[in-house]
Amino acid sequence: MSPLADSRGDVLSRAQALADEVAPQAGHFDREEALPREVIQRMADEGFLGAMVPQAFGGLGLDPLEYGDLTEIIGKACSSTRALLTVHASLVAETLAKRGSDELKAKYLPDLASGRKLACFALSEPQVGSDASSVRTTYRREGDSYVINGRKKWISFAGIADLFLVIASDEGAVTAFIVERSMGGVSTHPMTGLLGSRAAHIAEVEFRNVVVPAENVVSRVGVGFSFVANTALYYGRYSIAWAGVAVAQAALELMCTYATTREQFGQRIGSYQLVQGMVADSVVKVNAARELCRRAGRLRQANNMDAVMETNVAKYFASTVARDVTDAAVQVLGGNGCWNEYPAERLFREAKVLEIIEGTSQMQQIMIANHGFKKFGRRTRG
Ligand SMILES: Cc1cc2nc3c(=O)[nH]c(=O)nc-3n(C[C@H](O)[C@H](O)[C@H](O)COP(=O)(O)OP(=O)(O)OC[C@H]3O[C@@H](n4cnc5c(N)ncnc54)[C@H](O)[C@@H]3O)c2cc1C
């Protein structure tokens with residue numbers, strides 16, 4: 001067991017200490033559009049980059065509920081720092097731990113858990129978003145290797161990543177590969193000016209005749225969407241659901257603090273019932289979102305089949321709550337809510353992004369409705 005895994009017990013207090021360091025700098029990271037290496041290293045030093053990686057590979061081996069609490073604490077402080085948990089720790093490392101061969105796990109998981117190598121998840125493309133199984137990035141077999149060509153877009157941490165979990169297709173046979181930047185033929189182009197996740201080193205990626213050894217196929221050829229990308233998105237959605245709770249909780253605390261100090265018409269604005277209505281609705285929504293996340297986490301912990309759908313429910317609801325509550329925070333702060341000297345406008349932007357990533361709200365609605373028809377629909381005559 002690694003020394004990090006050994007100290008798993010106090011994960012949340014260490015997360016809170018890191019969050020306290022990072023929170024005052026989150027606005028600066030957002031303006032600079034770059035998360036500093038030192039923050040990534042701090043996350044690595046605490047073992048958080050291997051949050052869900054089994055202890056046998058040097059990870060913390062957290063359970064889903066512990067991971068949720070960790071994500072809320074870090075996400076409340078800084079969305080781009082939290083994105084490391086979503087992307088590196090969950091979409092890639094956790095997926096590899098679940099779907100990778102023993103050889104692939106031994107080859108990469110210790111480096112991912114320790115943060116010696118940083119990873120990103122490369123699914124979306126310029127022409128391919130919600131319809132994710134129709135990726136146009138191609139692979140072809142050549143001897144003991146595969147050759148990958150194509151472009152990816154919006155890839156969080158691609159600007160600085162060492163490893164890419166790439167989803168590619170050979171005439172519809174979708175396969176997942178671990179690609180190392182050092183294999184050659186990989187170039188990244190930073191994307192700036194984004195609404196949220198501005199510090200998450202988001203980039204476009206180009207793969208030009210990248211030669212990948214056959215052993216770097218994750219799971220099997222042809223199951224890269226059904227078995228690998230879907231697993232990654234399931235883990236990613238769970239993370240984003242908690243990210244929604246985090247952003248909403250931060251906005252709630254901000255509006256409550258502001259409403260108890262700001263005075264208008266000779267009274268604190270928190271004494272006005274219309275402001276109290278916004279606070280009350282926000283408290284209820286945040287509590288409800290957190291409980292849905294916990295429910296999804298408990299089901300997952302129990303290996304219950306409903307966990308996947310309840311994760312979609314939690315992601316859809318929590319991201320909507322994050323948007324609503326950050327909207328209320330901007331409203332309570334008035335002009336100051338529209339100014340980047342206060343965090344409300346950043347939280348508002350971060351919340352909106354959560355309704356788009358890991359499957360848009362419309363994609364969640366479609367999956368939830370299909371589930372609803374199956375589960376609650378009754379046979380009727382005619
Ligand atoms: C900040 C940020 C970070 C990201 N990080 C990553 C990353 O690390 N890795 C990665 O692979 N991708 C990443 N993405 C991409 C993200 O996953 C996609 O943006 C998302 O899946 C939506 O795809 P799209 O943007 O192409 O929208 P589209 O799929 O073009 O959708 C546009 C609109 O049409 C709606 N729509 C589409 N199809 C339907 C339908 N059948 N029914 C109803 N409505 C529909 C959508 O809901 C949406 O409202 C990131 C994006 C952002 C903004």
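The values are calculated or read from the model by the stated rules, or taken from the named source; none is laboratory data. A quick note: this is a predicted structure, and the numbers were derived from the prediction, not measured. Glycine gets a Cβ as well: all are built from the backbone with ideal geometry, and neighbour counts include every protein chain shown. SASA here: full protein model, heavy atoms, side chains in, ligands and nucleic acids out. Shrake-Rupley method; radii C 1.70, N 1.55, O 1.52, S 1.80 Å.
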Inset, instruction - Identify all residues within segment 211-248 that are polar (S, T, N, Q) and open to solvent by 30 Å² or more (accessible area, probe 1.4 Å); write none if there are none. - result: S219, S226, N230
Legend entry - Options G61, G47: the member that is touching a helix residue (DSSP H, G or I) at 6+ places or on another chain (Cβ under 9 Å), more than 15 Å from V166 (Cβ to Cβ) and surrounded by 24 or more Cβ atoms within 10 Å (Cβ to Cβ): G47
Legend entry - Sole residue being closer than 29 Å to L123 by Cβ and of a type in the set (A, V, I, L, M), chosen from A246, A288: A246
Inset, instruction - Starting from residues that are out of contact with any strand residue (DSSP E or B) (no Cβ under 9 Å at 6 or more places or on another chain) and not β-branched (V, I, T), keep the ones in segment 190-210 and report whichever is surrounded by the fewest Cβ atoms within 10 Å (Cβ to Cβ). - result: G193
Inset, instruction - Give me the pairs, please: first residue somewhere in segment 177-197 and not assigned by TED's automatic domain parsing to the domain that holds L35, second residue anywhere and surrounded by fewer than 12 Cβ atoms within 10 Å (Cβ to Cβ), beta-carbon distance under 6 Å, and either six or more positions apart or on two chains. - result: G185/N209
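Matching residues to (1) over 18 Å from A119 (Cβ atoms); (2) within 16 Å of the ligand (Cβ to nearest atom); (3) charged (D, E, K, R); (4) in contact with a Pro (Cβ under 8 Å, 6 or more places away or on another chain):
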{"site": "R42", "(1), (2), (3), (4)": "no, no, yes, no"}
{"site": "L49", "(1), (2), (3), (4)": "no, yes, no, no"}
{"site": "G59", "(1), (2), (3), (4)": "no, no, no, no"}
{"site": "P64", "(1), (2), (3), (4)": "yes, no, no, no"}
{"site": "Y67", "(1), (2), (3), (4)": "no, no, no, no"}
{"site": "I74", "(1), (2), (3), (4)": "no, no, no, no"}
{"site": "S79", "(1), (2), (3), (4)": "yes, yes, no, no"}
{"site": "L85", "(1), (2), (3), (4)": "no, yes, no, no"}
{"site": "H88", "(1), (2), (3), (4)": "no, yes, no, no"}
Legend entry - Among (1) among the small types (G, A, S); (2) within 23 Å of K352 (Cα to Cα); (3) without any contact (Cβ under 8 Å) to a residue 24 or more places away in the chain - the single one G172 does not satisfy: (2)
